[in-house]
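Please read the structure below before turning to the comments.
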Amino acid sequence: MKLFTPLVMSSGGAAEIAAIRRDIHANPELCFQENRTADVVAGKLTEWGIPVHRGMGTTGVVGIIEGKTNKSGKAIGLRADMDALPMQEFNQFAHASKNAGKMHACGHDGHTAMLLGAAQHLAKTRDFDGTAYVIFQPAEEGGGGAREMIKDGLFTKFPVEAVFGMHNWPGGKVGTFAVSPGPVMASSSEFKITVKGKGSHAALPYESIDPIPAAAAMVTAFQTIISRNKKPIDPGVISITMIHAGSATNVIPDSCELQGTVRTFTMEVLDMIERRMREVANNTAAAYGATCEFEFERNYPPTINSQPEADFCRAVMEEMVGAESVLPQEPTMGAEDFSYMLQAKPGAYVFIANGEGDHRAMGHGAGPCMLHNPSYDFNDEVIPLGVSYWVRLTEKWLAA
């Protein structure tokens, strides 16, 4: 692997941004409650001479960095998420969460820190033509903060030609990136199905309309949607994750509830799955003499990188770390609300390796600690590389 020398950060600058990251980690805030975090972000941007717009999407912060010139009138958007997860942290280090039941277990503290480091450098050098908007977004973890910022006029007040995001990924060697065009993260939808029958004594099942066999038949039948109703090359997942029924061993219940999630990489597959699930649920319930209520909620759409922007990101990365250290971005069935920004503007969402786990105290076992794990911690060694990527991407995009 080509050794990477940070392009924009001194050891003192890296330490300053790492300290900000650890402060944010120690004070996590949930969706739309990122008031302290937004104060920290806005305070630093202001300290560095960057005009700030606050309150977009409830707690969002946008910094406006003008280049030395603006002959082209071009603008780029760089986005980081700020919110934490409703989890209890297991780590015991000095910067562990001070807020019970809240934790930065997905690295949003690191994402915020890397973009702050880039903003600091860009404001100091302004070695580009145009405008860079640094977007600090609330509520990625289920709140749809990107959607809410767009509703509040994000791209009207701050028009950009393209918008870019980046997420850390545990398990890869520090110094590597991943980027690809097309779908890189899935849509996320939730469903709740209530099968309604007629309860009775368990010793007299013929007096009941038992909802449990009907629900069990649905569980099996839903998987035929995946195996028989779509092309095998079109990914899709239906996972039933909750089944609730009954309260006593000798009572057939009146109803049975199924809940779960659906993930797809295209809206066409999602449309088909929702339609077929509804048909299967209603007809299966009817076949067992029961009825059902079917609820389907679409959350985040798929995250789809546009080809030119993904290729541009790859070129920037390869210049920094070498082609051998820029990997294909294996699509994941996880979901990300940056997808809303990519529906509104061209752009790309990339991964930066978070290391193999040797940066943190063990507690979950050896090796890398994956996202949404109570033993997770962002790797501060990644900060200079992430900052440099944001800076180089901005300078080259606004010079193109």
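The values are calculated or read from the model by the stated rules, or taken from the named source; none is laboratory data. None of the values given here were measured: they were computed from a predicted structure. When we count neighbours, we look across all protein chains shown, and the Cβ atoms used for this are built from the backbone with ideal geometry, even at glycine.
Within region 139-155, is even one residue assigned to a strand (DSSP E or B) and either buried (at least 21 other Cβ atoms within 10 Å of the Cβ) or over 18 Å from the mean Cα position of the chain (by Cα) (or both)?
Within region 139-155, not a single residue is assigned to a strand (DSSP E or B) and either buried (at least 21 other Cβ atoms within 10 Å of the Cβ) or over 18 Å from the mean Cα position of the chain (by Cα) (or both).
Could you list, in sequence order, the residues of region 17-56 that are without any contact (Cβ under 8 Å) to a residue 24 or more places away in the chain and either assigned to a helix (DSSP H, G or I) or buried (at least 18 other Cβ atoms within 10 Å of the Cβ) (or both)?
Correct list: A19, R36, D39, V40, A42, G43, T46, E47.
In region 206-223, which residues are of a type outside the set (A, V, I, L, M) and either in contact (Cβ under 8 Å) with a residue 24 or more places away in the chain or surrounded by 15 or more Cβ atoms within 10 Å (Cβ to Cβ) (or both)?
Residues satisfying the conditions are S208, D210, P211, P213, F222.
Going through region 64-93 one residue at a time, which ones are without any contact (Cβ under 8 Å) to a residue 60 or more places away in the chain and either buried (at least 18 other Cβ atoms within 10 Å of the Cβ) or over 20 Å from the mean Cα position of the chain (by Cα) (or both)?
Those that are without any contact (Cβ under 8 Å) to a residue 60 or more places away in the chain and either buried (at least 18 other Cβ atoms within 10 Å of the Cβ) or over 20 Å from the mean Cα position of the chain (by Cα) (or both): K71, G73, M82, A84.
For region 369-392, check the following and say yes or no: at least one residue is more than 22 Å from the chain's Cα centre (by Cα), part of a loop (DSSP other than H, G, I, E, B) and more than 26 Å from E148 (Cα to Cα).
Scanning region 369-392 turns up no residue that is more than 22 Å from the chain's Cα centre (by Cα), part of a loop (DSSP other than H, G, I, E, B) and more than 26 Å from E148 (Cα to Cα).
Among the residues of region 217-245, which ones are in a strand (DSSP E or B), of a type in the set (V, I, T) and within 15 Å of R275 (Cβ to Cβ)?
I238
Is one or more of the residues making up region 307-330 among the hydroxyl-bearing types (S, T, Y) and under 25 Å from the mean Cα position of the chain (by Cα)?
Yes: region 307-330 contains one or more residues that are among the hydroxyl-bearing types (S, T, Y) and under 25 Å from the mean Cα position of the chain (by Cα).
Any residue at all in region 70-78 that is part of a strand (DSSP E or B) and farther than 20 Å from A118 by Cβ?
No, every residue in region 70-78 fails to be part of a strand (DSSP E or B) and farther than 20 Å from A118 by Cβ.
Of all residues in region 156-186, which are assigned to a loop (DSSP other than H, G, I, E, B) and closer than 22 Å to G107 by Cβ?
P170, G171, G172, K173, V174, G175, T176, V179, S180, A186
Within region 323-343, is even one residue out of contact with any Phe, Trp or Tyr (no Cβ under 6 Å at 6 or more places or on another chain), surrounded by fewer than 17 Cβ atoms within 10 Å (Cβ to Cβ) and without any contact (Cβ under 8 Å) to a residue 24 or more places away in the chain?
yes
Checking the conditions here, which among A217, A221 is small (G, A, S) and over 23 Å from L270 (Cβ atoms)?
A217
Among the residues of region 160-218, write down those that are acidic (D, E) and in contact with an Asp or Glu (Cβ under 8 Å, 6 or more places away or on another chain).
Passing the criteria: only E190.
Answer with yes or no whether F351 is surrounded by fewer than 23 Cβ atoms within 10 Å (Cβ to Cβ), touching a residue at least 12 places away in the same chain (Cβ under 8 Å) and assigned by TED's automatic domain parsing to the domain that holds S180.
Considered against the rule, which asks whether it is surrounded by fewer than 23 Cβ atoms within 10 Å (Cβ to Cβ), touching a residue at least 12 places away in the same chain (Cβ under 8 Å) and assigned by TED's automatic domain parsing to the domain that holds S180, F351 comes out as yes.
Quick grid of which residues meet (1) closer than 27 Å to R392 by Cα; (2) outside any strand (DSSP E or B):
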{"site": "C292", "(1), (2)": "no, no"}
{"site": "P301", "(1), (2)": "no, yes"}
{"site": "D311", "(1), (2)": "yes, yes"}
{"site": "A315", "(1), (2)": "yes, yes"}
{"site": "E318", "(1), (2)": "yes, yes"}
{"site": "E336", "(1), (2)": "yes, yes"}
{"site": "L342", "(1), (2)": "yes, yes"}
{"site": "V350", "(1), (2)": "yes, no"}
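Looking at M103, M114, which one is in contact with a strand residue (DSSP E or B) (Cβ under 6 Å, 6 or more places away or on another chain) and either in the same structural domain as V163 (by TED's automatic domain parsing) or surrounded by 20 or more Cβ atoms within 10 Å (Cβ to Cβ) (or both)?
On inspection, the qualifying residue turns out to be M103.
Among the residues of region 273-290, count how many are crowded, with 16+ Cβ neighbours inside 10 Å, in a helix (DSSP H, G or I) and either in contact with a helix residue (DSSP H, G or I) (Cβ under 8 Å, 6 or more places away or on another chain) or of a type in the set (V, I, T) (or both).
Residues meeting the conditions: 7.
Give the residue that is nearest to L30 (Cα to Cα), with candidates limited to residues of region 79-103 that are part of a loop (DSSP other than H, G, I, E, B) and among the small types (G, A, S).
Ranking the qualifying residues of region 79-103, first place goes to A84.
Conditions (1) of a type in the set (F, W, Y); (2) over 30 Å from Y300 (Cα atoms); (3) touching a Leu at 6+ places or on another chain (Cβ under 7 Å), marked per residue:
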site: S200; (1), (2), (3): no, yes, no
site: M218; (1), (2), (3): no, no, yes
site: I225; (1), (2), (3): no, no, no
site: R228; (1), (2), (3): no, no, no
site: G236; (1), (2), (3): no, no, no
site: G246; (1), (2), (3): no, yes, no
site: L270; (1), (2), (3): no, no, no
